[in-house]
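**Q** Below is one structure. I have some questions about it.
The values are calculated or read from the model by the stated rules, or taken from the named source; none is laboratory data. It should be emphasised that the depicted structure is a prediction, and the values quoted were computed from it without experimental measurement. Methodologically, a virtual Cβ is constructed for each residue, glycine included, from the backbone with ideal geometry; neighbour enumeration extends over all protein chains shown.
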Amino acid sequence: MPEHISIHPARPADAHIAAFLLYSAYTHTILKYPQPEEADGFVERLEHFFGDEGNRFSYRNAIVAEVGQQVV
């Protein structure tokens with residue numbers, strides 16, 4: 001049986017996973033955990049900006065999908 005997908009506005013608490021997804025989208029690469037050294041500072045900055053307001057990476061400009069209470 002397929003799992004239920006929930007879609008809702010992003011929250012600041014989604015910043016950690018959203019930063020990885022944003023990095024993957026902008027660099028056209030699949031980011032594996034733990035992150036490679038070259039991604040380290042970039043992902044941290046994306047996480048900061050996602051949790052903040054007034055920028056294009058802000059949670060205010062995003063929606064997230066969850067399956068089993070995990071952002072996908």
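**Q** Mind listing whichever residues of segment 38-72 are in contact with a strand residue (DSSP E or B) (Cβ under 9 Å, 6 or more places away or on another chain) and surrounded by fewer than 11 Cβ atoms within 10 Å (Cβ to Cβ)?
**A** Selection gives Ile63, Gln69.
**Q** Same structure, new question: Suppose the filter is out of contact with any helix residue (DSSP H, G or I) (no Cβ under 6 Å at 6 or more places or on another chain), closer than 14 Å to Val71 by Cα, surrounded by 10 or more Cβ atoms within 10 Å (Cβ to Cβ) and modelled with pLDDT under 90; does Ile17 pass it?
**A** yes
**Q** Given Pro36, Pro2, Pro12, which one is modelled with pLDDT of 85 or more and on the phi < 0 side of the Ramachandran plot?
**A** Pro12
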